[in-house]
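Colleague: Structure below; questions to follow.
The values are calculated or read from the model by the stated rules, or taken from the named source; none is laboratory data. Since we're looking at a predicted model, the values are computed, not measured. Reconstructed Cβ throughout: ideal geometry from the backbone, glycine too, with neighbour counts over all protein chains shown. SASA here: full protein model, heavy atoms, side chains in, ligands and nucleic acids out. Shrake-Rupley method; radii C 1.70, N 1.55, O 1.52, S 1.80 Å.
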Amino acid sequence: MNNNARRPVGIFDSGVGGLTVASAIHYNLPNERFIYFGDTAHLPYGEKSHDAIRYYSLRICRFLLENDCKAIVVACNSASTAAYEVLLEFFKDKAVFVNVVDPLVDYCCQHDYHRVGLIATHATVQSGVYDKQFHVQKKSVELYSLATPLLAPMIEEGFVNNAISRSVLETYLSDPQLKNIDALLLACTHYPLIKQEISEFFHHKMPVLDSTEVTATALKTALAEKELLSDQKSGNDQFYVSDFSENFLRTTKLFYPEKVNLEQKNIW
Ligand code: DGL
């Protein structure tokens, strides 16, 4: 086996959202050890400028590379759309990179969806990256993108499955742009945490697609191509946040009921 294969996989997001992707990686690639970084000091990324998101993402990737990561999963749509190209420019020779946009677009294009709705942060919608990707891969897809900036902070606060989340979702999802769509893309990694509520709004009749499983599969393929798939877990997963919050710990425990190593790390 390649000597580098047992090095960890780095995963990052602004907060708890990337845990939805980390969890899919944990179940689909059980031999991989990962280091998670939640940049809770700077969330929400979706309301920051692209320059700020690039700056944070570069610094986090440097930290993950200093911690010997063989691969980095940009488990945040705002960072995947605003910073991915820059990350490749700086670090593509140092690690395998995977983002959350390409796998979701690829998956959607394999299905017979024509009118596709998308909900995401302002940063993701304004980047126009999804529009460009669909234009390149499947011109027949009509994309209707809606910025839903309250959702990520609401989820970070733990407001899920309650009267507030239902009311916020109802307001956003009733938008005329989302009428007559064939599928809805959750283009923010926080949103799988409220996927059930979103599906309920559409009476479970709408395909609601997210990037968790497809990103885990994309990582597996990318690691296999470089012969970097680990055959054995080489230690415990590690979780870092830039600012400690009880909610982060609570959400981490939803995915990892076993003991979690969570450390606050100031990398700025
Ligand atoms: N989870 C993130 C995303 O996929 C960021 C949400 C935020 O911090 O605004 O865009």
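Colleague: Out of 72, 53, report the one residue that is open to solvent by less than 10 Å² (accessible area, probe 1.4 Å) and more than 17 Å from residue 265 (Cβ to Cβ).
Modeller: Sole residue among the options that is open to solvent by less than 10 Å² (accessible area, probe 1.4 Å) and more than 17 Å from residue 265 (Cβ to Cβ): 53.
Colleague: So if I check each of 156, 197, 258, which one is open to solvent by less than 30 Å² (accessible area, probe 1.4 Å) and without any contact (Cβ under 8 Å) to a residue 60 or more places away in the chain?
Modeller: Answer to the check: 197.
Colleague: Does segment 156-163 contain at least one residue that is in contact with a Leu (Cβ under 9 Å, 6 or more places away or on another chain), at pLDDT 95 or above and not aliphatic (A, V, I, L, M)?
Modeller: Scanning segment 156-163, I find no residue that is in contact with a Leu (Cβ under 9 Å, 6 or more places away or on another chain), at pLDDT 95 or above and not aliphatic (A, V, I, L, M), so the answer is no.
Colleague: Can you name the residue in segment 200-254 that is of a type in the set (Val, Ile, Thr) and closer than 15 Å to residue 20 by Cβ and is also most open to solvent (accessible area, probe 1.4 Å) among such residues?
Modeller: If we take residues in segment 200-254 being of a type in the set (Val, Ile, Thr) and closer than 15 Å to residue 20 by Cβ, then 217 is most open to solvent (accessible area, probe 1.4 Å).
Colleague: Let me ask something else about it. Kindly indicate the residue of segment 61-90 that is assigned to a helix (DSSP H, G or I), aliphatic (A, V, I, L, M) and away from the ligand (no atom under 16 Å from the Cβ) and also farthest from residue 234 (Cα to Cα) among those meeting that condition.
Modeller: 86
Colleague: Separate question: Please verify whether segment 30-39 includes one or more residues that are among the small types (Gly, Ala, Ser) and touching a Phe, Trp or Tyr at 6+ places or on another chain (Cβ under 7 Å).
Modeller: Within segment 30-39, one or more residues are among the small types (Gly, Ala, Ser) and touching a Phe, Trp or Tyr at 6+ places or on another chain (Cβ under 7 Å).
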